[in-house]
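Colleague: Structure in structure tokens, see below.
Just so it is clear, none of the values below were taken in a lab; they were calculated from the coordinates. Everything numeric here is computed off the predicted structure, so don't read it as measured data. Positions of Cβ are generated from backbone atoms using ideal geometry, with glycine treated the same way; all protein chains shown enter the neighbour counts.
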Amino acid sequence: KNEVEQSPQNLTAQEGEFITINCSYSVGISALHWLQQHPGGGIVSLFMLSSGKKKHGRLIATINIQEKHSSLHITASHPRDSAVYICAVSPPSNFGNEKLTFGTGTRLTIIP
Amino acid sequence: SAVISQKPSRDICQRGTSLTIQCQVDSQVTMMFWYRQQPGQSLTLIATANQGSEATYESGFVIDKFPISRPNLTFSTLTVSNMSPEDSSIYLCSVGHRAPRHNEQFFGPGTRLTVL
């Protein structure tokens with residue numbers, strides 16, 4: 001079973017700061033997901049990646065398959081970025097085993 | 001991508017009652033999942049809803065407590081039965097496909113349930 005760990009658990013920063021959230025996992029995967037959960041509970045998928053780096057606006061996600069590690073970066077952070085960020089991994093492509101394994105989440109608060 | 005809606009978005013219920021949550025997706029999908037997120041915790045998979053057959057439940061979850069229906073490829077319901085305050089959680093529906101497309105998984109807006 002894959003163990004997914006995120007750090008930090010909580011992060012408070014000033015508006016404009018560069019944010020980094022880390023995710024490590026224990027066994028091989030087919031893809032890693034970064035999810036954003038708003039205070040109301042709904043979840044939005046930010047990135048799905050299996051190698052390298054992806055960028056969307058002020059968000060950047062990287063993954064190092066050899067080190068089993070991924071980072072989510074937020075540049076020029078804004079109070080609207082305040083949310084819980086969740087890392088989740090997909091198992092290797094085995095039929096009948098499509099379930100995600102989730103990290104415990106990082107609660108980010110950006111202060112104006 | 002898939003657009004998912006859930007009803008209700010939130011509810012406050014009395015102990016001992018039951019609540020049925022609906023999940024509707026705008027396209028046909030192979031797999032539908034139901035998750036529970038207890039306060040301060042990460043997501044826990046309750047079951048996989050199978051079209052035309054019984055749901056597949058994870059360890060610790062049983063059909064009598066969480067009956068699930070999936071009458072077609074775009075709709076599913078989860079019922080939380082005989083509720084207690086410990087059932088207060090966010091319940092999320094997600095959809096996806098079988099391997100090798102299983103990396104594409106999309107989440108609904110969630111249902112926030114409070115049991116008094």
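Colleague: If you plug each phi of the stretch A:23-34 into the Karplus form 6.51 cos²θ - 1.76 cosθ + 1.60 with θ = phi - 60°, what whole-Hz ³J(HN,Hα) values come out, in order, with x for Gly and Pro?
Modeller: With the stated coefficients, the stretch A:23-34 comes to 9, 10, 9, 9, 10, x, 9, 9, 6, 10, 10, 10 Hz.
Colleague: OK, next. What cysteines in the protein assembly as shown have no other cysteine with a beta carbon less than 4.7 Å from their beta carbon?
Modeller: So, B:Cys13.
Colleague: If you line up the Cα atoms of the protein assembly as shown on their principal axes, what length do they span on each, largest first, in Å?
Modeller: Computed over the protein assembly as shown, the largest-to-smallest principal extents equal 47, 40, 30 Å.
Colleague: Mind jotting down the distance between the C-alpha centroids of the stretch A:16-32 and the stretch B:54-98, whole Å?
Modeller: So the separation of the two Cα centres works out to 29 Å.
Colleague: Which GluC sites (Glu not before Pro) in the stretch A:16-112 sit in a loop by DSSP (not H, G, I, E or B) and have at most 11 other Cβ atoms within 10 Å of their own Cβ?
Modeller: Sparse-neighbourhood loop GluC sites (Glu not before Pro): A:Glu67.
Colleague: Just list whichever of A:Lys68/A:Lys99; A:Lys55/B:Lys7; A:Lys55/A:Lys99 have alpha carbons separated by over 22 Å in the model shown.
Modeller: A:Lys55/B:Lys7; A:Lys55/A:Lys99
Colleague: If you don't mind, there's one more thing I want to ask. Give me the three principal axis extents of chain B from the C-alpha atoms, as integers in angstrom, largest value leading.
Modeller: The principal-axis extents, from largest down, are 41, 24, 23 Å.
Colleague: Next question, about the same structure. Kirkwood Rh over Cα pairs of the stretch A:57-109 into Stokes-Einstein at 25 °C, 0.890 mPa s: D in µm²/s?
Modeller: In µm²/s, the coefficient rounds to 186.
Colleague: Which value, in debye to the nearest 20, describes the size of the charge dipole of the protein assembly as shown about its Cα centre when Lys and Arg Cβ atoms bear +1, Asp and Glu Cβ atoms bear -1, and nothing else is charged?
Modeller: Here the protein assembly as shown has a charge dipole of around 280 debye.
Colleague: Further question: Can you run the Rg to Rh ratio on the stretch B:46-102? Use alpha carbon positions and the Kirkwood inverse-distance Rh.
Modeller: 0.98
Colleague: Compute from the Cα atoms of the stretch A:7-64 the Rg and the Dmax, the latter being the longest Cα-Cα distance, and quote both in angstrom.
Modeller: Cα-based Rg and Dmax for the stretch A:7-64 come out at 12.7, 36 Å.
Colleague: Work out the length of the dipole vector of chain B about its Cα centre, built from +1 on the beta-carbon of each Lys and Arg and -1 on the beta-carbon of each Asp and Glu, and round it to the nearest 20 debye.
Modeller: Taking the Cα centre of chain B as origin, the dipole is about 120 debye.
Colleague: Right, here's the next one. If I model a spin label at B:Lys7 and A:Ser50 as a point 7 Å from the Cα along the Cα→Cβ vector, what separation in nanometres do I get?
Modeller: Modelled inter-label distance: 3.8 nm.
Colleague: Provide A:Lys53, A:Lys68 in ascending order of the number of other Cβ atoms located within 10 Å of each residue's Cβ, fewest first.
Modeller: Ascending Cβ contact count within 10 Å gives the list A:Lys53, A:Lys68.
Colleague: Considering every pair of different Cα atoms, what Kirkwood radius, in Å, is found for chain A?
Modeller: 14.2 Å
Colleague: Which residue, chosen from B:Ser9, B:Cys93, B:Leu113, occupies the Cα position most advanced towards the positive end of the dipole of the stretch B:4-116, where the dipole is computed from +1 (Lys, Arg) and -1 (Asp, Glu) charges on Cβ about the Cα centre?
Modeller: Of the candidates, B:Ser9 comes out farthest on the positive side.
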